[in-house]
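The values are calculated or read from the model by the stated rules, or taken from the named source; none is laboratory data. Computed from a predicted model, the values in this text were never measured in an experiment. Cβ coordinates were reconstructed from backbone atoms using ideal geometry, including for glycine residues, and neighbour counts include every protein chain displayed. In case anyone asks, the SASA skips ligands and DNA or RNA and just uses the protein heavy atoms, side chains included. Shrake-Rupley method; radii C 1.70, N 1.55, O 1.52, S 1.80 Å.
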Amino acid sequence: IQTGTATGRLSSKEPNLQNIPVRSTLGRSVREAFVAKEGYKLVSIDYSQIELRLLAHFSGDRALVEAFNHGEDIHLATAVKLFGEEDAKAKRHFAKAVNFGLLYGMGPKKLSEDTGVTMSEAKEVIKSYFATFPTVKSFIEEIQERVKVDGYVETILKRRRLFDYENANGMQKAGILRESVNTVFQGSAADLIKLAMLEIERMIQKEELDAAMLLQIHDELIFEVKEELVDEIVARFVDTMEGVLTLNVPLVCSAFVGDSWGELK
């Protein structure tokens with residue numbers, strides 16, 4: 001469904017195939033029921049940390065851009081900057097929660113709930129994060145200030161989402177500020193994967209490739225590909241997805257091949 005979400009992501013219903021949990025035993029067993037036909041393989045290709053790469057691209061934050069351009073583990077690099085080399089590995093999960101959480105307007109209360117630290121510790125970590133990545137803070141604030149004035153935000157391909165900030169009440173205003181930031185990143189990620197889908201589908205049709213696009217789950221595409229063509233076609237699809245738009249940091253994809261959907265991750 002093209003119009004099922006406010007940010008522009010595609011959604012799925014009857015059944016909702018995007019919502020089958022990947023980490024639960026039941027979810028995995030449901031995924032294992034989807035199998036490739038004989039002589040074919042299922043292939044999953046997904047963008048790695050696309051929203052954080054977009055954050056680096058939009059904000060131009062030097063530390064983030066350098067980490068991505070040098071192929072570093074971004075969560076570990078963040079943990080090193082926040083907690084020092086010695087504690088970085090143990091705190092990687094914490095840094096990951098902060099990295100992704102701030103894209104969705106997460107405050108100290110949510111960080112505290114998600115990671116089990118106290119509210120005061122969560123406040124300190126967020127403060128420290130913004131001190132470490134100062135241009136990230138100013139870019140996020142800029143999105144929030146612009147939405148108050150313009151009444152909309154734009155994705156990377158200039159798609160707009162409108163917000164009636166002026167007539168909102170206090171609680172709605174706080175929600176708009178969170179959603180405006182989320183829309184820029186999630187909406188831009190949706191733009192990129194839609195571009196990739198169009199490019200790949202054109203390639204499949206034009207060259208009559210023995211491959212079919214089956215499903216999109218946010219930053220991931222799933223295909224059914226003739227077994228003997230898997231290596232060649234996957235390399236071409238990955239190349240297309242990584243080159244769909246030029247950012248200040250590289251777009252990177254991971255590919256997985258299996259006989260069933262459950263084997264793909």
Checklist entry - Would you say Ile222 is open to solvent by 10 Å² or more (accessible area, probe 1.4 Å) and not small (Gly, Ala, Ser)? => result no
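Table: residues versus (1) touching a Gly at 6+ places or on another chain (Cβ under 6 Å); (2) open to solvent by 30 Å² or more (accessible area, probe 1.4 Å); (3) free of Cβ contacts under 8 Å to residues at least 40 places away in the same chain; (4) not hydrophobic (A, V, I, L, M, F, W, C).
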residue: His93; (1), (2), (3), (4): no, yes, yes, yes
residue: Phe100; (1), (2), (3), (4): no, yes, no, no
residue: Tyr104; (1), (2), (3), (4): no, yes, no, yes
residue: Thr115; (1), (2), (3), (4): no, yes, yes, yes
Item to check | Subset of the stretch 13-27 [closer than 15 Å to Leu264 by Cα and either of a type in the set (Gly, Ala, Ser) or over 19 Å from the mean Cα position of the chain (by Cα) (or both)] | outcome: Ser24, Thr25, Gly27
Item to check | Extreme residue, nearest to Lys158 (Cα to Cα), among residues of the stretch 1-39 that are open to solvent by less than 90 Å² (accessible area, probe 1.4 Å) and assigned to a helix (DSSP H, G or I) | outcome: Gln18
Checklist entry - Quick check: is even one residue across the stretch 44-63 polar (S, T, N, Q) and either at pLDDT below 90 or farther than 22 Å from Phe237 by Cα (or both)? => result yes
Checklist outcome for this item: Note on the stretch 136-174: residues over 20 Å from the mean Cα position of the chain (by Cα) and of a type in the set (Ser, Thr, Tyr) are Ser138, Tyr152, Tyr165
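With the requirement that a residue be of a type in the set (Ser, Thr, Tyr) and modelled with pLDDT of 85 or more, what does the stretch 96-131 give you?
Looking only at the stretch 96-131, we keep the residues that are of a type in the set (Ser, Thr, Tyr), and these are 104, 112, 115, 118, 120, 128-129.
Answer for the stretch 96-131, where residues must be of a type in the set (Ser, Thr, Tyr) and modelled with pLDDT of 85 or more: Ser112, Thr118, Ser120, Ser128, Tyr129.
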Checklist entry - Quick one: Asn248 ticks every box in (1) surrounded by fewer than 18 Cβ atoms within 10 Å (Cβ to Cβ); (2) over 21 Å from Phe68 (Cα atoms) bar one, so which box is it? => result (2)
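Consider the stretch 62-77. How many of its residues are surrounded by 21 or more Cβ atoms within 10 Å (Cβ to Cβ) and touching a residue at least 12 places away in the same chain (Cβ under 8 Å)? Steps first, answer last, please.
From the stretch 62-77, those surrounded by 21 or more Cβ atoms within 10 Å (Cβ to Cβ) are 64, 67-68, 74-75; that's our starting set.
Those left that are additionally touching a residue at least 12 places away in the same chain (Cβ under 8 Å): 64, 68, 74-75.
Residues flagged as surrounded by 21 or more Cβ atoms within 10 Å (Cβ to Cβ) and touching a residue at least 12 places away in the same chain (Cβ under 8 Å) within the stretch 62-77 amount to 4.
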Item to check | Cβ-Cβ under 8 Å pairs, at least 6 apart or on other chains, the stretch 20-41 side of a type in the set (A, V, I, L, M, F, W, C), far side part of a loop (DSSP other than H, G, I, E, B) | outcome: Val22/Lys265; Val30/Ile20; Val35/Asp259; Ala36/Asp259
Item to check | Residues satisfying the stated conditions in the stretch 227-245, i.e. more than 15 Å from Glu199 (Cα to Cα), open to solvent by 60 Å² or more (accessible area, probe 1.4 Å) and without any contact (Cβ under 8 Å) to a residue 60 or more places away in the chain | outcome: Glu228, Asp231, Glu232
Item to check | Matching residues in the stretch 58-101 - criterion: being outside any loop (DSSP other than H, G, I, E, B) and closer than 15 Å to Leu247 by Cα | outcome: Phe58, Ser59, Arg62, Leu64, Val65, Glu66, Ala67, Phe68, Asn69
Checklist entry - When Asn182 is evaluated against the numbered criteria (1) touching a residue at least 40 places away in the same chain (Cβ under 8 Å); (2) open to solvent by less than 30 Å² (accessible area, probe 1.4 Å); (3) within 27 Å of Arg62 (Cα to Cα), which criterion, by number, is the only one it fails? => result (2)
